[in-house]
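What follows is one structure encoded as structure tokens, with my remarks underneath.
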Amino acid sequence: MKKILILMIALVAGFSVYSQNANKNAAKITFDKSVVDKDGNIIYDYGTIYQNSDGKCEFKFTNTGKEPLVLSKVRSSCGCTVPSWPRKPILPGQSESIKVKYDTKRLGTIHKSISIYSNASNSPQIARIAGKVIVPETNTLPEKNFSKGASPSANN
């Protein structure tokens, strides 16, 4: 029984040393400083944006590992956030980006996450988008179709 226990411990220890050495050569995804906050979180903050405005953003990254990086799956937390990502392997030192489109028809606070799965040693990664969608301000009166010579007060 002692021999089996010692053999098991040796196998587990050997496997963990092997795993650590194998990961040293693995791909590694490193996000651009423009999308990493002071706490190391990957986030894009839209700030306050208007309803129906452009909800596109991107998360730039570099493969800082020693093997090609393959993004196998990129999923968002809801259907209002649609990610697109490179399908080809990203070679060591090469940069790419994950593009995200948020549906700005929805009013209110934005708190969505994008899960990034890859063969990187630091996979999975979670990127977040944040912000607030508001109704556009209108400083003009609604356009009315006035006939020639008629005044706005005549149509009331």
Next on the checklist: Report the gain in length on full extension from SER95 to TYR117: 0.36 nm times residue separation, minus Cα-Cα distance, nm rounded to one decimal.
Outcome noted: 6.3 nm
Checklist entry - Hey, what do the phi angles of the stretch 120-132 turn into as Karplus ³J(HN,Hα) couplings, whole Hz, using 6.51/-1.76/1.60 and θ = phi - 60°, x for Gly and Pro? => result 5, 5, 9, 9, x, 10, 10, 9, 10, 10, 9, x, 8
Checklist entry - Under a 5 Å amide H to amide H cut-off, with H placed in plane at 1.01 Å, what residues pair with GLU67 once short-range neighbours are removed? => result ALA27, LYS28
Item to check | Amide hydrogen neighbours beyond the local backbone of SER118, cut-off 5 Å, H modeled | outcome: SER72
Next on the checklist: Explain nothing, just the number: dipole magnitude of the stretch 28-136 about its Cα centre with +1 on each Lys and Arg Cβ and -1 on each Asp and Glu Cβ, in debye rounded to the nearest 20.
Outcome noted: 240 debye
Item to check | For TYR44, distant residues with modelled amide H under 5 Å away | outcome: ARG128, ILE129, ALA130
Next on the checklist: I need the peptides 55-66, 97-108, 72-83 ranked by packing, meaning the mean over residues of other C-beta atoms within 10 angstrom, with the highest value on top.
Outcome noted: 55-66, 97-108, 72-83
Checklist entry - Simple spin-label model, 7 Å along Cα-to-Cβ: LYS66 to VAL135 in nm? => result 6.0 nm
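Rule-based calculations on the coordinates, nothing more; no lab input. Since this is a predicted model, take the numbers as computed values, not measurements. Here the Cβ is made from the backbone with ideal geometry for all residues, glycine too, and neighbour counts use every protein chain on show.
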